[in-house]
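Accompanying notes for the structure given below.
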Amino acid sequence: MQAATASAPLLHIRTVWKKFGDRVTAAGVDLQVGNGEFFTMLGPSGSGKSTVLRMISGLEQPDDGRILINGEDVTDLPPWKRGLGMVFQQYANFPHMSVAQNIGYGLRRSNLDRTALRQRVSELLDLVSLPGFQNKPVTQLSGGEQQRVAIARALAPRPRLLLLDEPLSALDEKIRREMQLQLKDIQRATGTAFVYVTHDQEEALTMSDRVAVLNWGYLVQIDAPLALFRQPRTKFVAQFFRGSNVIEGRFTGSGAQTVFDCAAFRLDCGAVDNAANPPAVAIRNEDIRINPRATEHETTFDAVLERVVYRGIYTDFQFKLADGQIIVASATSGEALDPGAKVRLAVRTDRIIPLHAEPS
Amino acid sequence: MSIALKRRDAGTVALLGGPVLICAIAIIAPLALTLMVSFWERQMIGMKPGFTLASYALFFDGARFTVLERSFWMAASATIIMLAIAYPAAYLATFKLAPQRTRIFLFLLSVPFLVNYVIRTFAWAYLLGRTGPVNGLLQVLGLTAAPVDWLLFSDFAVYLGLVAAYMPFMVYPIWLSLSAIDRRLIEASWMLGEPPLGTFLRVVLPLSLPGVSAAAIFGFVGSFGEVAVSQILGGVGYQLMGNAITSSLDVLNYPMAAAMSSVVVGCMLLMLTLWLRVFDLRLFLGKMLGR
């Protein structure tokens, strides 16, 4: 067992592998989470995000690889010895206990006297905005209230790390949005590092300091929300965040002179290692301008308008490129265009993102 | 249920009416008759309507009351022994067996009930007898020189018979309440730093108490009213309450049999009432265990 050192990251997952039968749910996942960080693992169902979370908690064992907390190898420690907190999707509050008893559950071993215990419980209830709820039976609370009790319960023993497994997915839309902001506030107020699992891209972008995107057990990309949104690494990431075009083409030239070439435009990419095959680039819908006054940093190309989809705040214009590929541009102002119109589109060249191959 | 009752439509009345009627004819009426007869006067042959407490006085005075006490302790201790076997069995079936095997296990528990229980009890008498296979085996193994006497016609034999007769019934309600516990509650407890034993005491056990309570009622009521096991495995003169009642009937002392039955039924009702209070207080019990 390694000694904890100041320089060690709070959580270090070292090339962890896990298989269920012949389905790989974690394929050499390697990541680090720092103190006070809100870290999100994002992916569709079956991507392995929950499995990785359960391996951090100790509820699952990795087939291979190590898990370190503050530099200490906890891979072989059972869940009750890891000093972590966990919030479950379906709350998992103890139905035979009151709110206060639920929150106090993990404090039994902390040797607090009655007054201190009561003090800590009411502190936590204030934190999750449920003051005065001490003596209510948990079974009579609404979904949002139950989940807040579960969060308070998990935070009560001051865990080194709070793990959250899709905690908002059982709640309805409106409460979910309120809870997103509240969770972020709670995280800031306590300074506890959160590892959050979700399949909801909006949730990930709203709350996280960094997001890891997983697919088929592979870690595809780790980045801050804005970078992830603007600079998807692979086709999967680009398509997972709705509102991206993936345009396929081919490479001409080689090495540092590699040029991406498709029917609409050419783009100097420089050296692209491990490029997607066939070569492809991502362009976000809102980065495409319709019939613009050209500027020097933009690439322009012709397209034919296929259809117009009104989406409320913005409108999607669906164009066909010369080679038949579809490209969608979103605009907030209603361009007076009819299907069949030939238009000129423009994109800033630094907003055209060459894509890499999916990890395998 | 309560909504359906409020509506009082024809369907509800028909659905509830049948069972209520059967209950009245098959249970309430005979019990009322029994209670009535217990106050009648005994005559040389048969009895005469009237009101006398003679049968009760005789019962509470004599040796028969000792039998009641003994039956009570026998049933209570047998219930505790049976819970001590049924709970671990149900626990293993719920948490340690694969679902496929759990089904087989539960089916196997019901197999003995395919045979009439008097025949089953006689089979025990054969197995445990002086010349039975158990004694034979003990002697072949050299564990005893002569046949062991306390195997049959003893408290041991009666306990064994009661366990064999009622314990399997008790696994089901406990298994039901254990398997209804959300596994994530157990995981949540672990994540809060509580190791498996603490988790069992603070989460699993309190949440399974309703099943334990139902099982205890099954076991106790069955053992308290037992006749065959005590007669066949207890031997001549071994008397539990059920035997005392049948022997009164044998000598045609109907008022006495009725008085004893009434006392037993009264005891049961009293105990069930107390039990249901505990049952209702399970939240309270859980609170105590969960602090």
Dipole axis of region A:11-230 (+1 Lys, Arg; -1 Asp, Glu on Cβ), positive-most option in A:Leu162, A:Asn93, A:Val52: A:Asn93
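When the helix-only estimate is applied to chain A (DSSP H runs of n ≥ 4, each -39,500 (n - 2.57), divided by the residue count), what is the mean residue ellipticity at 222 nm, nearest 500 deg cm²/dmol? List each step's numbers first, then the result.
Working: 8 runs with 79 residues, N = 360.
Computed ellipticity for chain A at 222 nm equals -6500 deg cm²/dmol.
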Cα-based reach from A:Lys342 at 27 Å (exclusive), listing lysines while leaving out same-chain residues under 8 positions away: A:Lys320
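If Rh is defined by the Kirkwood formula over all Cα pairs and Rg also comes from Cα, what ratio Rg/Rh do you get for region B:62-290?
On the way: Rg = 20.7 Å, Rh = 19.9 Å.
Rg divided by Rh gives 1.04.
Under unit Cβ charges (Lys, Arg +1; Asp, Glu -1), what dipole magnitude, rounded to 20 debye, does region A:235-354 have relative to its Cα centre?
On the way: 14 positive and 15 negative charges, 43 e Å.
Computed about the Cα centre, the dipole is about 200 debye.
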Cα centroid separation - region A:173-251 against region B:207-236, whole Å: 60
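So for the protein assembly as shown, considering every pair of alpha-carbon atoms, how many percent are separated by more than 31 Å? Provide the component values of the computation, followed by the final result.
Values: 145922 of 211575 pairs.
Pairs farther apart than 31 Å: 69 percent.
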Candidates A:Arg160, A:Arg311, A:Arg54: whichever shows maximal mean-square fluctuation once chain A is modelled as a Gaussian network with Cα springs under 10 Å: A:Arg311
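For region B:1-109, how big is the tail of P(r) above 23 Å, as a whole percent of Cα pairs?
Of all Cα-Cα distances in region B:1-109, 68 percent exceed 23 Å.
Shape call for region A:11-230 from the C-alpha gyration tensor, a ≥ b ≥ c root eigenvalues: rounded (a/c under 1.5), prolate (a/b greater than b/c) or oblate? Working shown, then result.
Numbers: a/c = 1.87, a/b = 1.45, b/c = 1.29.
Cα axes put region A:11-230 in the prolate bin.
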Dipole-positive endmost among B:Leu207, A:Gln325, B:Met268 within the protein assembly as shown (Cβ charges, Cα centre): B:Met268
Contact order normalised by residue count of region A:235-354, Cα under 8 Å, 6+ apart, percent: 27
Using a Förster distance of 35 Å, the FRET efficiency for B:Thr144-B:Leu270 (Cβ separation, nearest 0.05): 0.20
Rounded Å value of the spacing that divides the Cα centres of region A:101-145 and region B:68-108: 36
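Determine the gain in length on full extension of the stretch A:Ala8-A:Ala256; use 0.36 nm per residue of separation and subtract their C-alpha separation, reporting nm with one decimal. Before the final figure, lay out each step's value.
Values: separation 248, 0.36 × 248 = 89.28 nm, distance 3.72 nm.
Between A:Ala8 and A:Ala256, full extension yields an extra 85.6 nm.
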Test item: Cα-centred dipole of chain A, Lys/Arg +1 and Asp/Glu -1 on Cβ, debye: 960
Mean projected area in nm² (Cα convex hull; one quarter of hull surface) for region B:106-239: 11.0
Residues A:Asp30, A:Asp273, A:Asp316, sorted so that the one with the fewest Cβ neighbours within 10 Å comes first: A:Asp273, A:Asp30, A:Asp316
Distance from region B:134-167 to region A:11-48 (C-alpha centre basis), Å: 59
About the Cα centre, charge dipole magnitude for the protein assembly as shown (Lys/Arg +1, Asp/Glu -1 at Cβ), debye: 1100
Net length gained if the chain between B:Ala76 and B:Thr12 were fully extended (0.36 nm per residue, minus Cα distance): 19.1 nm
Karplus (6.51, -1.76, 1.60) ³J(HN,Hα), θ = phi - 60°, over region A:187-197, in Hz, Gly and Pro reported as x: 4, 5, 5, 8, x, 6, 6, 10, 10, 10, 10
Average Cα contact separation per residue, chain A, under 8 Å, 6 or more apart, as relative contact order %: 16
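Pick out the long, greasy-scoring helices in chain B: whole DSSP H runs spanning 18 Å or more along their own axis by Cα, mean Kyte-Doolittle at least 0.0.
Span-like helices in chain B: B:10-23, B:63-95, B:155-179, B:205-224, B:254-280.
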With 10 Å bins from 0: P(r) over region A:235-354, alpha-carbon pairs, percent: 13, 45, 33, 8, 1
Distant-in-sequence amide H partners of A:Met41 (H built 1.01 Å from N, under 5 Å): A:Tyr196, A:Val197, A:Thr198, A:Ala212
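Is region A:73-165 rounded, prolate or oblate when judged by the Cα gyration tensor, a ≥ b ≥ c being the square roots of its eigenvalues, rounded requiring a/c under 1.5 and prolate requiring a/b larger than b/c? Show your work: numbers first, answer last.
Values: a/c = 1.97, a/b = 1.31, b/c = 1.50.
Oblate is the answer for region A:73-165, as a/c is 1.5 or above yet b/c matches or exceeds a/b.
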Charge-dipole axis of chain B as Lys and Arg at +1 and Asp and Glu at -1 on Cβ define it, positive-most pick from B:Ser38, B:Pro19, B:Ser71: B:Pro19
Of all DSSP beta bridges in the protein assembly as shown, antiparallel share, percent nearest 5: 75
Entries of A:Lys81/B:Lys96; A:Lys19/A:Lys81; A:Lys81/A:Lys136; A:Lys174/A:Lys235 with Cα pairs more than 27 Å apart: A:Lys81/A:Lys136; A:Lys174/A:Lys235
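Throughout, read-outs are computed from the coordinates displayed, never taken from laboratory work. The model shown is predicted, which means the values in this text are computed figures rather than measured ones. Note that each Cβ is placed from the backbone with ideal geometry, even for glycine, and that neighbours are counted across all protein chains shown.
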